[in-house]
Amino acid sequence: MRKLFFSELTSCKETKLHSAPHSWLPLEKGKLSKFAGHSTSSIESLMKMPEPAVLPHFKPADYVDILAQIHEELESCPPDEKSCLYLLQFQVFRGLGEAKLSRRSLQSAWEKASTIHEKLIFGAWLKYEKKGEEPISDLLSSCGKCSQEFKLLDFVSQISTGSHEISYDDESDVFWGSPVVHFRIRDDMIACDRRKLAALSTPLYAMLNGGFRESHLEVIDMSRNGISSIGMRAISKFSLTGRLPYLSADAILEMLDFANKFCCNGLKDACERKLASFICSRQDAIDFMECALELGCSILAAACLQVLLNELPECLNDEQVVRIFSCASKQQRSTMAGNASFSLYCLLSEVSMSINATSDVTVTFLEKLVDSASDSRQKQLALHQLACTRLLRKDYAEAERLFNAAFTAGHLYSVVGLARLASMRGNKHFSLKLLDSVMSSRWPLGWMYQERALYLEGDNKLENLNKATELDPTLTYPYMFRAASLMKRQSVEAALMEINRILGFKLVLECLELRFCCYLALEDHRAALCDVQAILTLAPDYRMIGGRVSAKQLRMLVMENVEQWTTADCWMQLYDRWSSVDDIGSLSVIYQMLESDAAKGVLYFRQSLLLLRLNCPEAAMRSLQLAREHAASQHEQLVYEGWILYDTGHCEEGLQKAEASIAIQRSFEAFFLKAYALADSSLDPSTSATVVSLLEDALRCPSDRLRKGQALNNLGSVYVDCGKLDLAAECYINALKIGHTRAHQGLARVHFLRNSRTGAYEEMTKLIEKARSNASAYEKRSEYCDRELTKSDLQMVTKLDPLRVYPYRYRAAVLMDNHKEKEAIAELTKAIAFKADLNLLHLRAAFHEHVGDISSALRDCRAALSVDPNHQEMLELHHRVNSQEP
């Protein structure tokens, strides 16, 4: 058998691949033993696992405790502190990998902003987080709904002007000089009302009616004070009317400088507002910001800041913008961002890290973040993030100092950085000592065992990695290391089983890449092609083999060794994989079909449905927008627009799009969308008849088996809810006839409602046998059997998908029924350690209340309300527990 490609790829440039012989992909079938003799060392070099990254996130050892603290503080703090607390909550959820919850916390920070600076900073942050969602704003506008999400705030007009004038303008006040004073500016003489001008500020009052010589002069020379005659006339007019005349920006700047010199707050305020209206571009913002920071003009600085932040991340490629943020002193930061300096540099640091985590700009922003931190928790975050950047830059001494400072401040996770640095110095014993001291002081977490494993060898290493997986099955590194180790021992089938464990519930690109290599070792080129095409669906520019080779190029090389499918073959493969609930396989087939002349809009739409099932919402939205762009007709485009709106929470507008599409042409997808959105949005029982009618209309329209099976399944669900079991069963049976495997679940429900638990159990068993992803099927089947079989099914659910929370809750409830309170609470605690779930926290709070541990119950209630502040049952439990606290 001819040698595989690994040794060539690890030593050659990508450009060589075009001319290199494809001897790494065997053309004839061979055995693994033959392969082993030629490429063991090559595989070992490929399978070398990089250490897991030291994550630059705020990762408190007990996130429940910190969420509870934040919630408690939010209940009692003054309004001006709420945004900072929501920002901290955002950082906690970000560290937990909870994207939806972190986005909601950011939204709350924006909604609760008490200052203009907070409002514009969090508004810009939300816009940055929603990058790519701008078309949604246009779609809402087309439905007559105005969206302010991506527009600049007109905050200048909202700021109260207050009263800046000095109250010296009354008849009883004696002015010793002439009532009119003239200011000479070169050859011009500008007459001013002495009393009105003096009222602009205390210094002017002292000059014009105090002990200064000017108070007795009728003509005062102002030629050397940086003000032109135009500017002085405007100042005179402002002193009489309180309004600025229309002038150029240069003239207003002169007046602003005058106002700053003579402390004329009212004039300064008016000039700032006027200059803010001149800011139309990034360069305007840069130019005016420099002036604003020099003169301490907070309104003008805020107006400039909004324009700059609105252009994130692009504006950080502008050296002038970077210089403004990098060189700002503490006083200038206060001028620019008020009391929201920490929030500002939190945003800037995050954007800069996403561009280049090791750049000088990132370091500077993080140093400003450290300087802006005002409490212990902010310091923990800032110090840890700066330490991570220093570590990546190989500035080890400074990284160690910062990790140590963060650790001392209370950020336990920073011990990971200290352990890595000790290991780099060759002192793994000290790394272990550090971790052991942390683990002995509290309940250990999965990441602690994972980190400890890095400094061990052999069985001890695997033992710690196994413990890490037991405590936190979401950690990727242990699965990859075990799989790579099995590959090195030529146990490729066992390696596949190991990597499939995590891919069964968590789609990770690096794991797909590792499985791709396993399939190549087995010479299963079709399966390897499937994984590389799934990778490219999720990340079109992904690079493999340590970033040295593009996934697209590897795909082309693998394709030379597989039989090419026709369009008809692709459709048959898609039907088969969709029916067997093989979502990754279905993604791969669709990727291949998109290269043909097939209707791309329909395929991108199918792709989006699969990505949603695989819990990849961002990629799903990208596919949905591509479906819209490639729609073959207006009515098809309207359907995809409707789904975009529906998936982003705009159900009513999604319905409008469906109706507009139906008005042009009756189609399956338009009726299906309308039925789906209507069923999900309306609690009125009478809606069911409308939904049934819409689904029946959909089924009368042309479509393929995949979609008609889904419509029949949905129709069956509506009939079950209405108690029409015969009609429901008919729908499910018809769906099964055309390959909609998930209809077994609906049919099982019908059997159960007909008092046939055995029939329901058998129906779910059929689904388990057919479905490739079947954790949910085991969970559903557990409802139709006795307690022992239920326990067995739910153990299987946890094995297949440890993120499903129902099994933990069921086992905990059984333990509680058997009066094993400690074991019940421990079962829930095991899952809560790696998943911030409302239902788990709710049940544990109830258990704590039951055993009389009111403080722990209250803590869990508060943490749960951080996950969902509006959950009614949780609010009631919180109120009851709170009333019991001594």
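Scanning the stretch 843-860 for residues that are part of a helix (DSSP H, G or I) and touching a Lys or Arg at 6+ places or on another chain (Cβ under 9 Å) yields Leu843, Ala845, His848, Glu849, Ser856, Ala857, Asp860. Could you check the stretch 533-569 and list, in sequence order, the residues that are under 30 Å from Tyr778 (Cα atoms) and either over 34 Å from the mean Cα position of the chain (by Cα) or among the small types (Gly, Ala, Ser) (or both)? Matches in the stretch 533-569: Ala534 only. Taking (1) over 27 Å from Asp436 (Cα atoms); (2) without any contact (Cβ under 8 Å) to a residue 60 or more places away in the chain in turn, Glu398 satisfies each apart from (1).
Counting only helices (runs of 4 or more DSSP H) that fall entirely inside the stretch 717-786 and contain at least 2 residues that are closer than 19 Å to Arg705 by Cα, the qualifying elements are 725-737, 743-753, 757-770.
Here is a yes/no grid of residues against (1) in contact with a Lys or Arg (Cβ under 7 Å, 6 or more places away or on another chain); (2) touching a residue at least 12 places away in the same chain (Cβ under 8 Å):
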site: Leu673; (1), (2): no, yes
site: Thr687; (1), (2): no, no
site: Pro702; (1), (2): no, yes
site: Asn713; (1), (2): yes, yes
site: Arg754; (1), (2): no, yes
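For the stretch 632-651, the count of residues that are part of a helix (DSSP H, G or I), farther than 24 Å from Asn713 by Cβ, modelled with pLDDT of 95 or more and among the small types (Gly, Ala, Ser) is zero. Within the set Leu626, Leu614, Leu538, Leu645, the sole residue that is without any contact (Cβ under 8 Å) to a residue 60 or more places away in the chain, on the phi < 0 side of the Ramachandran plot, aliphatic (A, V, I, L, M) and buried (at least 17 other Cβ atoms within 10 Å of the Cβ) turns out to be Leu626. Every condition in (1) closer than 28 Å to Leu612 by Cα; (2) over 25 Å from the mean Cα position of the chain (by Cα); (3) open to solvent by less than 60 Å² (accessible area, probe 1.4 Å) is met by Leu435 except one, and the failing one is (1). Here are some residues: Ser703, Ser693, Ser688. Which one is over 35 Å from the mean Cα position of the chain (by Cα), of a type outside the set (D, E, K, R), at pLDDT below 95 and assigned to a helix (DSSP H, G or I)? Every option except Ser688 fails the conditions. Looking across the stretch 219-242, just one residue is open to solvent by 50 Å² or more (accessible area, probe 1.4 Å), closer than 16 Å to Ser201 by Cα and in contact (Cβ under 8 Å) with a residue 12 or more places away in the chain, and that is Leu240. Taking the listed residues Ala249, Ala328, Ala340, the one that is at pLDDT below 95 and hydrophobic (A, V, I, L, M, F, W, C) is Ala249, with no other qualifying.
For (1) part of a helix (DSSP H, G or I); (2) crowded, with 18+ Cβ neighbours inside 10 Å; (3) among the hydrophobic types (A, V, I, L, M, F, W, C), each residue gets a yes or a no:
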site	(1), (2), (3)
Trp447	yes, yes, yes
Asn464	yes, yes, no
Thr474	no, no, no
Asn500	yes, no, no
Cys518	yes, yes, yes
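Limited to the stretch 402-430, what total is found for residues that are in a helix (DSSP H, G or I) and farther than 23 Å from Gly95 by Cα? Counting residues in the stretch 402-430 that are in a helix (DSSP H, G or I) and farther than 23 Å from Gly95 by Cα gives 6.
Of all residues in the stretch 851-874, those that are without any contact (Cβ under 8 Å) to a residue 60 or more places away in the chain have Cβ atoms under 6 Å from Cβ atoms of residues that are open to solvent by 40 Å² or more (accessible area, probe 1.4 Å) and assigned to a loop (DSSP other than H, G, I, E, B), 6 or more apart or on another chain, in Ile854/Glu885.
Checking the stated criteria, Ala677 turns out to be of a type in the set (A, V, I, L, M), touching a helix residue (DSSP H, G or I) at 6+ places or on another chain (Cβ under 7 Å) and at pLDDT below 95. The residues of the stretch 545-567 that are part of a helix (DSSP H, G or I) and farther than 18 Å from Leu520 by Cα amount to a single one, Thr567. Checking Leu348, Leu344, Leu366, Leu381 one by one, the residue that is open to solvent by less than 20 Å² (accessible area, probe 1.4 Å) and free of Cβ contacts under 8 Å to residues at least 24 places away in the same chain is Leu366 and no other. For the stretch 861-886, the set of residues classified as of a type in the set (S, T, N, Q), part of a helix (DSSP H, G or I) and within 22 Å of Leu88 (Cα to Cα) consists of Ser866 only. Among the residues of the stretch 415-432, not one is of a type in the set (A, V, I, L, M), open to solvent by less than 20 Å² (accessible area, probe 1.4 Å) and farther than 21 Å from Leu386 by Cβ. Restricted to helices (runs of 4 or more DSSP H) entirely inside the stretch 209-328, those with at least 2 residues that are among the acidic types (Asp, Glu) are 249-261, 265-276, 282-295. Ala677 passes every criterion in (1) in contact with a Gly (Cβ under 8 Å, 6 or more places away or on another chain); (2) closer than 30 Å to Glu129 by Cα; (3) open to solvent by 10 Å² or more (accessible area, probe 1.4 Å) apart from (3).
The values are calculated or read from the model by the stated rules, or taken from the named source; none is laboratory data. In this text the structure is predicted, and so the values were computed from the model without any measurement. All Cβ positions, glycine included, derive from the backbone under ideal geometry; neighbour counts span all protein chains shown. Keep in mind that these areas ignore ligands, DNA and RNA; they rest on the heavy atoms of the full protein, side chains included. Shrake-Rupley method; radii C 1.70, N 1.55, O 1.52, S 1.80 Å.
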